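The values are calculated or read from the model by the stated rules, or taken from the named source; none is laboratory data. As the structure is a computational prediction, the values presented were derived from the model and not from experiment. Cβ sites come from the backbone with ideal geometry, for glycine too, and all protein chains shown count toward neighbours.
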Amino acid sequence: MTQYLFEFIGTSMLLLLGNGIVANAILKGTKGSDSGWVGISLAWGIAVFTGVFISADVSGAHLNPAVTIGLATAGKFSWHLVPGYIIAQTLGAMLGTTLVWLTYKKQYDATEDQSVLLATFATGPAIRSPLWNFITEVIGTFALVFGVMYIAGGTMGNEPVKLGSLDALPVALLVIGIGLSLGGPTGYAINPARDLGPRIMHALLPLKGKGGSDWGYALIPILGPLTGGVLAALVFLAIGI
């Protein structure tokens, strides 16, 4: 249960700081409206650093179902822990984004653009094309999970791949790089819990004039990252070092 708790806490911090920068950058009436894409990418990296550093020594700091399933596919994580990790990650994402809403409550009240409101919770494509949006998420998540496996040791021995506290910075830099390099087409979910948990909260929270939660797109930031994570694991196994 302690492992699940720290996955929950780490993912909560990830979403608090990650969706927090999005809210600060695009909601009406904030002081961070000039943050831009570079600011968003940097802050998401800091969010990852914080979440990983907090949870690494207890849970391994997956914070992402794509990482969890990727590691399990590679034989580096127990499958029987996978459901509990994914539940903890999703619930943590729901809490983290709710804290963002509480922090920016007056700015949410002042913002009338439905697409802006949704963007502070969940991802969406710049150009809607389901196949290509899916491919983008696969590629971005492949880069994340494949990188994480080597940052965490890259061994094919009996010890499981597990992020330690000292791995927080390189993983954060990897996420910054993905955001700056690959994030433009879809907003780089690269994490099913990061998108699904906040999308659920967008549907549940009393946001004035919020409109729909774009459930028609919601499978792409779930299936794309999961596919990318599994592919990364298979390539890692095929290389065998």
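For beta carbons closer than 6 Å, sequence separation of 6+ or different chains, a first residue in the range 66-89 that is under 17 Å from Gly10 (Cα atoms) and a second that is in a helix (DSSP H, G or I) and among the aromatic types (Phe, Trp, Tyr), the qualifying pairs are Thr68/Tyr85; Gly84/Tyr4; Ala88/Tyr4; Ala88/Phe8.
Is there a residue in the range 9-27 that is in contact with a Pro (Cβ under 7 Å, 6 or more places away or on another chain) and part of a helix (DSSP H, G or I)? So far as the range 9-27 goes, yes, one or more of its residues are in contact with a Pro (Cβ under 7 Å, 6 or more places away or on another chain) and part of a helix (DSSP H, G or I).
Here's the yes/no breakdown for (1) without any contact (Cβ under 8 Å) to a residue 40 or more places away in the chain; (2) of a type in the set (Asp, Glu); (3) more than 30 Å from Gln114 (Cα to Cα):
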position: Tyr4; (1), (2), (3): no, no, yes
position: Leu15; (1), (2), (3): no, no, no
position: Val22; (1), (2), (3): no, no, no
position: Thr30; (1), (2), (3): no, no, no
position: Gly36; (1), (2), (3): yes, no, no
position: Ile40; (1), (2), (3): no, no, no
position: Val52; (1), (2), (3): no, no, yes
position: Asn64; (1), (2), (3): no, no, no
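Selection of the range 70-115 for residues being under 26 Å from Gly216 (Cα atoms), among the β-branched types (Val, Ile, Thr) and over 19 Å from the mean Cα position of the chain (by Cα) yields only Thr111.
Reported count of residues in the range 166-203, each being within 18 Å of Trp215 (Cβ to Cβ), over 12 Å from the mean Cα position of the chain (by Cα) and part of a helix (DSSP H, G or I), is 5. Screening the candidates Leu231, Leu205 for the property of being under 19 Å from Gly140 (Cα atoms) and not small (Gly, Ala, Ser) yields one hit, Leu231. Within the range 160-179, the residues that satisfy the criterion of being farther than 15 Å from Ala126 by Cβ, surrounded by 16 or more Cβ atoms within 10 Å (Cβ to Cβ) and modelled with pLDDT of 85 or more are Ala168, Pro170, Val171, Ala172, Leu174, Val175, Ile176, Gly177, Ile178.
For the range 102-155, a tally of residues being under 23 Å from Val52 (Cα atoms), part of a helix (DSSP H, G or I) and of a type in the set (Ser, Thr, Tyr) returns 3.
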